[in-house]
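Below is one structure; the comments refer to it alone.
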Amino acid sequence: MRHLKAYRKLNRTSSHRSLMLRNLVTSLFEHERVETTLMKAKEARRIAERMITLGKRGTLHARRQAASVLMKKSVVKKLFDEIAPKYEKRNGGYTRILRVGYRKGDGAPLAFLELVEEEIAVKKKKKKKETKKATAKSAPKKEKAAPEKKKEEAKEGPSEETVETKEEAKEEVQKEPSEKSEVEDSAPENAEPEETKPEE
């Protein structure tokens, strides 16, 4: 059970702790980078990210809420006018913690808490491997592609195969009349032509 583990108490009273973290967040927005102990940086980050979210809202109510936490009016103005607009397209993750080393006197781990500067790079989705279903679905697409090829061939001009088939068709057409003429020659010569009836 996580009873009484909501946040780090940092060995301070609640009033001392809240003032210390408010000062730390104000300094972060003023200088855009602060060096502190790792535990204080992790606690200050929570407040700093909330303040940037208020800055993105940009309403008067949000400005008053931020002013109740930040210690300087000039920093509130900077937050709403300069810092928050940079993170319009970013959903969270406005700050970064970089571990520096250890303090000489007491060996406390130190860290830089800073605002993230670079823009978001959109990740490209990787192509999944083709499965049997995918190949089965792609088969009809190939059939659809065949009529498109025919259209392209029609635009480019007839291919060699179509030229050959046309020539064969012409030869067959030429053979048929010659066969008809042979049949007519074989008919009897003394056959009388049919008499035409006079029109009345």
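Odds and ends about this structure:
- Extension gain, MET20 back to ARG8 (0.36 nm per residue minus Cα-Cα distance, nm): 3.0 nm
- Charge dipole magnitude, Cβ of K and R +1, D and E -1 - region 14-115, Cα centre, debye nearest 20: 220
- Computed extension length for GLU118-LYS77: 12.6 nm, one decimal, from 0.36 nm per residue of separation with the Cα-Cα distance subtracted.
- Above-threshold pairs, the threshold being 27 Å between Cα atoms, out of LYS9/LYS72; LYS5/LYS56; LYS89/LYS126; LYS42/LYS72; LYS72/LYS104: LYS5/LYS56; LYS72/LYS104
- Three-way shape call for region 1-131 based on the alpha-carbon gyration tensor, with the a/c threshold at 1.5: oblate
- Segment THR37-ARG57, length gained on full extension (0.36 nm per residue, minus Cα span): 4.2 nm
- Neighbourhood net charge (14 Å Cβ-Cβ; Lys/Arg +1, Asp/Glu -1) for SER15: +4
Read-outs throughout are calculated quantities, based only on the coordinates presented, and are distinct from any laboratory measurement. As the structure is a computational prediction, the values presented were derived from the model and not from experiment. Heads up, the Cβs are rebuilt from the backbone with ideal geometry, glycines too, and the neighbour counts pull from every protein chain shown.
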